[in-house]
Amino acid sequence: QLTGGLFSAEVETIKQTTEDDGVFDWLVPLDLDPRDSYFVRVESIDHEEVMGDSAPFTIRAEIRVLAPKTNDGPFFFGDEVEISWLSQGVNDPVHIELREDRLLFDQFHLTVAESTTDDGTHAWR
């Protein structure tokens, strides 16, 4: 079972039963909340007092911006720019901003999209 949180609440049963061969390949579900405190518990079916827990681990969400890329510019006023991204574990709308890269920090310039569906693409004009 997958367990997480401050009080070790069961999040979901990963597999009800499996062979006791010491290995199980698990595909992390896309709808889990990103969190730092997950761990896996393996329990004996016949002897419920026999169990073991993994070390705590993190499941995180990620957004990778695919375009525009360095070689896509320069852009000119009035150009339509295709913004594309790949996300994992993000199940809600996304916010898109134009920012300027500075030496030690980045600086906000404007909001491209206050809220848009997480479908991986947005045409900005």
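The values are calculated or read from the model by the stated rules, or taken from the named source; none is laboratory data. Since the structure is predicted, the reported quantities are computational estimates derived from the model, not experimental observations. When we count neighbours, we look across all protein chains shown, and the Cβ atoms used for this are built from the backbone with ideal geometry, even at glycine. These area figures cover heavy atoms from the full protein model, side chains too; ligands, DNA and RNA do not enter into them. Shrake-Rupley method; radii C 1.70, N 1.55, O 1.52, S 1.80 Å.
Note on the stretch 85-125: among residues that are touching a His at 6+ places or on another chain (Cβ under 8 Å) and touching a residue at least 24 places away in the same chain (Cβ under 8 Å), the one that is nearest to Val65 (Cα to Cα) is Ile96. Taking the stretch 27-125 as the region of interest, the strands (runs of 3 or more DSSP E) fully inside it that hold 3 or more residues being more than 14 Å from the chain's Cα centre (by Cα) and under 18 Å from Thr13 (Cα atoms) are 35-43, 51-53. Just one of the numbered conditions (1) exposed (fewer than 12 other Cβ atoms within 10 Å of the Cβ); (2) β-branched (Val, Ile, Thr); (3) out of contact with any Ser or Thr (no Cβ under 7 Å at 6 or more places or on another chain) is not true of Ile45: (3). Of the residues Asp119, Asp92, the single one that is within 30 Å of Leu30 (Cα to Cα), among the charged types (D, E, K, R) and surrounded by 11 or more Cβ atoms within 10 Å (Cβ to Cβ) is Asp119. Residue check: Trp26 meets all listed conditions (1) open to solvent by less than 80 Å² (accessible area, probe 1.4 Å); (2) touching a residue at least 24 places away in the same chain (Cβ under 8 Å) but one, namely (2).
Every residue, every condition in (1) of a type in the set (Ser, Thr, Tyr); (2) surrounded by 11 or more Cβ atoms within 10 Å (Cβ to Cβ); (3) at positive phi; (4) touching a Phe, Trp or Tyr at 6+ places or on another chain (Cβ under 9 Å), yes or no:
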site	(1), (2), (3), (4)
Asp53	no, yes, no, yes
Arg64	no, no, no, yes
Pro74	no, no, no, no
Gly78	no, no, yes, no
Ser87	yes, yes, no, no
Glu100	no, no, no, yes
Leu104	no, no, no, no
Val112	no, yes, no, yes
Trp124	no, yes, no, no
